1. Mind checking which of Ser38, Val94, Val80 is farthest towards the positive end of the chain's charge dipole, using Cβ charges of +1 (Lys, Arg) and -1 (Asp, Glu) about the Cα centre?
2. Show the residues, 5+ positions off or on another chain, whose built amide H is closer than 5 Å to the amide H of Ile54.
3. For region 76-83, take each phi angle, set θ = phi - 60°, evaluate the Karplus expression 6.51 cos²θ - 1.76 cosθ + 1.60, and give the result in whole Hz per residue in order, putting x for glycine and proline.
4. On a straight-distance basis, which lysines could pair with Lys93 in a cross-link, Cα separation under 18 angstrom, same-chain partners fewer than 8 positions away excluded?
5. Which whole-number percentage describes the relative contact order of region 7-98, with Cα contacts under 8 Å and a sequence gap of 6 or more?
6. In sequence order, what are the phi-derived ³J(HN,Hα) couplings for region 55-69 according to the Karplus relation 6.51 cos²θ - 1.76 cosθ + 1.60 with θ = phi - 60°, rounded to whole Hz, with x for glycine and proline?
7. Among the DSSP beta bridges whose two residues both lie in region 5-117, what percent are antiparallel, rounded to the nearest 5?
8. Given H placed on each backbone N at 1.01 Å, which residues far from Phe69 in sequence or on other chains put an amide H within less than 5 Å of it?
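Please treat every number below as a calculation from the coordinates, not as lab data. What you see is a predicted model; the values in this text were computed from it and never measured. Cβ sites come from the backbone with ideal geometry, for glycine too, and all protein chains shown count toward neighbours.
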Amino acid sequence: MSKPNIVIDESVDYAIVSELRANDFTIYAVIDETPSISDEKVLNIAINKNALLITEDKDFGELVFRFQFFHKGILLVRMVNAKSLEKARTVLKVMNEHYEELIDNFSVLDDSKLRIRK
């Protein structure tokens with residue numbers, strides 16, 4: 001089975017991009033492809049690519065819950081106490097173990113746990 005497509009917002013620590021690419025995930029990194037675009041455009045790219053969106057920007061929560069924007073799944077990384085490499089390895093582990101559960105849900109990964117809001 002091929003690895004899933006993932007769109008990574010430019011707010012995300014680049015170590016996460018590198019770690020996922022090194023493990024054969026297909027990554028569209030906004031910082032590399034289309035920097036400085038709006039959050040709405042980032043969501044549209046993820047939808048058009050049928051991809052999970054990884055972000056560290058809490059504004060996506062407002063777009064989804066307050067404004068009811070459609071999405072294919074969002075992982076909000078809130079690991080404020082983690083160093084880059086630890087954050088990247090944790091995200092890789094979550095992708096490998098929980099990807100299917102993240103699809104079409106808004107999830108938050110913090111320093112202590114993963115919460116999936118269905």
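1. Positive-most Cα among the choices belongs to Val94.
2. Amide H neighbours of Ile54: Val7, Ile8, Asp9, Leu75.
3. 8, 8, 10, 8, 6, 9, 8, 7
4. Within the straight-line cut-off, Lys93 pairs with Lys3, Lys83, Lys113.
5. Over region 7-98, the number comes to 37 percent.
6. For region 55-69, the Karplus-derived couplings read 9, 10, 9, 5, 4, 5, x, 5, 4, 6, 8, 7, 9, 6, 5 Hz, x marking Gly and Pro.
7. That works out to approximately 20 percent antiparallel.
8. Hits under the 5 Å cutoff: Val64.
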